[in-house]
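Worksheet: the structure to be examined is printed underneath.
Read-outs throughout are calculated quantities, based only on the coordinates presented, and are distinct from any laboratory measurement. Bear in mind the structure is a predicted one, so any value in this text is a computation, not a measurement. Ideal geometry is used to build each Cβ from the backbone, glycine not excepted, and the neighbour counts take in all protein chains shown.
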Amino acid sequence: MSDPPPDFANLSEAELKLIHALQINPRVSWTSAGAALAVDPSTASRTWQGLSASGRAWVSASPRSAASEAPLIAFIEMSCRIGTADTVAADLADQPWAATIERTTGSRDLLVSGMVTDLSALAALVSNELEAIDGVEGTRVQVATFVAAEGAGWRLHALSAEAIRKLSDQRPAVQARPVRVDHHDTALLRELGRDGRMGYSEIASRTGLGISTIRRRVQRLIATSTVSLRCEVAQPLSGWPVSAALWCRVPPARLGQVMSGFSGMPEIRLCASVTGGPANLLLALWLRSPADLQRLEALVGERLPDLDVMDRALTLRHVKRMGRILDSRGRAVGVVPVVPRTPSHLVEATDVAEAAMLTFE
């Protein structure tokens, strides 16, 4: 029996297991992945090539910290004039600071998750650029103060406990310490942003650095959490095809405890405390169906009577997810590596060209 075409409607069991393996350890060797999955390395590599080439799965990379400070994560709600939201979203998709862009229901048309270096960069971005975009009628901004769960921790749950243990043992040990990022590290972050599994030899050909230097620096970036790697899957194929968001209010004294409870739920893609509005907790969810939003909200209300849901939204379409440009089926069709916005940030034409979309056949 021949292999199914790249655009088939469901993922095979072997593909689900491989994606889960790379969610645990995004840069695991094919030898180690094959050993955990009981397949030979060439089979694991070939399976991944099919997933990646068709845009059904990919490994993203984004900066998590620099020197002694982490980039600020800003959640920007944008209201647009009727008929302009898709154009505004397409324009924003080219911007490296705009990590994720969602077309949503509710009181906003777009929800943009962006990275900035500091509040002054965020203020300049919103007042000088976003509010000047043709079609934008209003913006509301919240800043994440603590992230208890993020997409990098979401799992497909396709592997056995033994396979998970083997892959976890291969994962680099994390050393929670700040590091100074120089221009070589910035170049490596850009290449990993294009493909989180890019090989050392390919990075060397793109940057001119030696392979041993690249290996040492990439391992340091991962070990110090300077870069966040995640294996993503086209959402319609994940079994959790619906995205939603809840803006909640929790008594400040209970916020940490409530966030800890949410971080273990399979529906949670993001759990972050936020400031800048009446809500102090933002939850991003992946659900089985739209009705699951009401079910989950009712369940949360029963378990946490002091939590108030201030607002809710369903995602009509992900335009971009952590740097990956997505088509209407949720497949990756391009990439713009995520770069936090600085107050004086200028995007040169050459930078845009370097970050141009990769097209998958």
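From a point 7 Å beyond the Cα of residue 31 in the direction of its Cβ, which residues of region 151-183 have a backbone N at a distance under 16 Å?
Correct set: 167, 170-171.
Which ³J(HN,Hα) values, rounded to whole Hz and listed in residue order, are derived for region 245-258 from phi using the Karplus coefficients 6.51, -1.76 and 1.60 in 6.51 cos²θ - 1.76 cosθ + 1.60 with θ = phi - 60°, glycine and proline given as x?
Calculated HN-Hα couplings, in order: 9, 10, 9, 10, 10, 10, x, x, 5, 9, 4, x, 5, 5 Hz.
Using a 10 angstrom cutoff on alpha carbons, build the Gaussian network for the chain and name the most mobile of 181, 336, 143.
So, out of 181, 336, 143, the one fluctuating most is 181.
Where nothing but the Cβ of Lys and Arg (+1) and of Asp and Glu (-1) is charged, how large is the charge dipole of region 167-320 around its Cα centre, in debye to the nearest 20?
That gives a dipole near 560 debye.
Normalised by the number of residues in the chain, what is the relative contact order in percent for Cα pairs under 8 Å and 6+ residues apart?
27
Among 305, 340, 71, which one shows the highest mean-square fluctuation when the chain is modelled as a Gaussian network with alpha-carbon springs under 10 Å?
305
Build a GNM of the chain with springs between Cα atoms under 10 Å: which of 72, 255, 188 gets the top mean-square fluctuation?
Evaluated over the chain, the most mobile residue of the options is 255.
Amide H of residue 239: which non-local residues (sequence gap of 5 or more, or other chain) have their own amide H closer than 5 Å, using H built in the peptide plane?
Those qualifying (amide H under 5 Å, at least 5 residues apart or on another chain) number zero.
Quick one: if the Förster radius is 30 Å, what FRET efficiency do residue 10 and residue 175 give, using the C-beta to C-beta distance and rounding to 0.05?
Result of the calculation: an efficiency of 0.15.
Could you please state, rounded to a whole Å, how far the C-alpha centre of region 208-266 is from the C-alpha centre of region 76-151?
What the calculation gives is 20 Å, centre to centre.
In region 269-349, if every C-alpha pair distance is counted and binned at 10 Å from zero, what percent goes to each bin?
Histogram of Cα-Cα distances, whole percents per bin: 13, 32, 32, 18, 5, 0.
Got a sec to turn the phi values of region 85-94 into Karplus ³J(HN,Hα) couplings, 6.51 cos²θ - 1.76 cosθ + 1.60 with θ = phi - 60°, whole Hz, x for Gly and Pro?
Here the 3J(HN,Hα) series is 4, 5, 5, 4, 4, 5, 5, 5, 4, 7 Hz.
Report which label in [x] 30, 25, 21; [y] 33, 24, 19; [z] 47, 29, 18 holds the value of semi-axes √(5λ) of the Cα gyration tensor in Å derived from the coordinates of this structure.
Given [x] 30, 25, 21; [y] 33, 24, 19; [z] 47, 29, 18, the calculated one carries the label [x].
Using every Cα-Cα pair within region 22-141, state what percent have a distance larger than 20 Å.
Summing the P(r) of region 22-141 above 20 Å gives 56 percent of all pairs.
Enumerate the residues in region 120-143 having an amide nitrogen under 19 Å from the point lying 7 Å beyond the Cα of residue 84 toward its Cβ.
125-141
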